[in-house]
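The values are calculated or read from the model by the stated rules, or taken from the named source; none is laboratory data. None of these values were measured; they are calculated from a predicted model. When we count neighbours, we look across all protein chains shown, and the Cβ atoms used for this are built from the backbone with ideal geometry, even at glycine. Surface areas here come from the heavy atoms of the whole protein model, side chains and all, with no ligands, DNA or RNA. Shrake-Rupley method; radii C 1.70, N 1.55, O 1.52, S 1.80 Å.
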Amino acid sequence: MGEFTATFPRDRRYATNHMWAAEVSPKRFRFGLTAYAVRLLQDVYFLDWIVEAPTTIAARSQIGSIESKKAESDLYAPVPGQLTLINDAVLADPSLINSDPYGDGWMVEMEASDDSPLLDPDGYAQHLIKAWDVAQKTIKGQANT
């Protein structure tokens, strides 16, 4: 976006909160942050969960927070369902999110009760274009135009 090209794996689905979803078994997904999100955050160095596995959570409910060089942000469940696993390796070393966002940097596994909010790669690409347009208007003070 902007001067950078957004590239992301086509073998997974995506949430509008810039998380990728890799299906590990039917309706069970491993989630992590996209490289786009990591680029926006810059150098993730702290990760904290406010939920423990296993627990049932609603879509868009807060599950934790993440801190980086640029921002502190809350993390929200991308789909409703059961949080079944937290990646202890990334909790111990959040820099895995920076170095391998689509591999060892995954954060949680969930059994989705509804996976319809997840976008295919083309849908996510369109979402990025729309999100970038809104971001640019916000930066320029034209958000309401």
What residues qualify as long-range amide H neighbours of Leu85, i.e. H under 5 Å apart, gap of 5 or more or another chain, H built at 1.01 Å from N?
Glu109
Inter-label distance, nm, simple model (7 Å from Cα along the C-beta direction), Leu40/Ser65
1.9
Mind ranking Ser73, Ser99 by accessible surface for me, highest first, 1.4 Å probe?
Ser99, Ser73
Scalar couplings 3J(HN,Hα) for the range 94-106 by Karplus 6.51 cos²θ - 1.76 cosθ + 1.60 (θ = phi - 60°), nearest whole Hz, x for Gly and Pro, are x, 5, 4, 5, 6, 7, 8, x, 9, x, 5, x, 4
Quickly estimate the mean residue ellipticity at 222 nm for the chain, helices only: each DSSP H run with n ≥ 4 gives -39500 (n - 2.57), and the total goes over all residues, rounded to 500.
-7000 deg cm²/dmol
May I have the count of lysine pairs in the chain with C-alpha atoms under 26 Å apart, counting pairs 8 or more residues apart or located on different chains?
7
Would you kindly derive the ³J(HN,Hα) couplings of the range 55-62 from the backbone phi angles with the Karplus curve 6.51 cos²θ - 1.76 cosθ + 1.60 (θ = phi - 60°), listing them in order in whole Hz, with x for Gly and Pro?
7, 8, 9, 8, 4, 6, 7, 5
Accessible area, 1.4 Å probe, largest first: how do Thr56, Thr84, Thr34 sort?
Thr56, Thr84, Thr34
Please list, ordered by chain and number, the residues whose modelled amide H lies under 5 Å from the amide H of Val24; skip anything fewer than 5 residues away on the same chain.
Phe29, Arg30
How much of Asp48 can a 1.4 Å solvent probe reach, expressed as accessible area in Å² and rounded to 10?
60
Rank Lys130, Lys27 by accessible area, highest first, at a 1.4 Å probe radius?
Lys130, Lys27
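Based on Cβ point charges of +1 for Lys and Arg and -1 for Asp and Glu, what charge dipole magnitude is obtained for the chain about its Cα centre, in debye rounded to the nearest 20?
On the way: 13 positive and 20 negative charges, 113 e Å.
Result for the chain is approximately 540 debye, rounded to the nearest 20.
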Using a simple spin-label model with points 7 Å from Cα along the Cα→Cβ vector, what separation in nm is obtained for Ile129 and Thr55?
3.9
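Name the shape class, rounded, prolate or oblate, that the alpha-carbon gyration tensor gives for the range 18-70, where a ≥ b ≥ c are the square roots of its eigenvalues, rounded holds for a/c under 1.5, and otherwise prolate holds if a/b is larger than b/c and oblate otherwise. Walk me through the numbers before you get to the answer.
Values: a/c = 2.48, a/b = 1.40, b/c = 1.76.
Note, shape of the range 18-70 comes out oblate.
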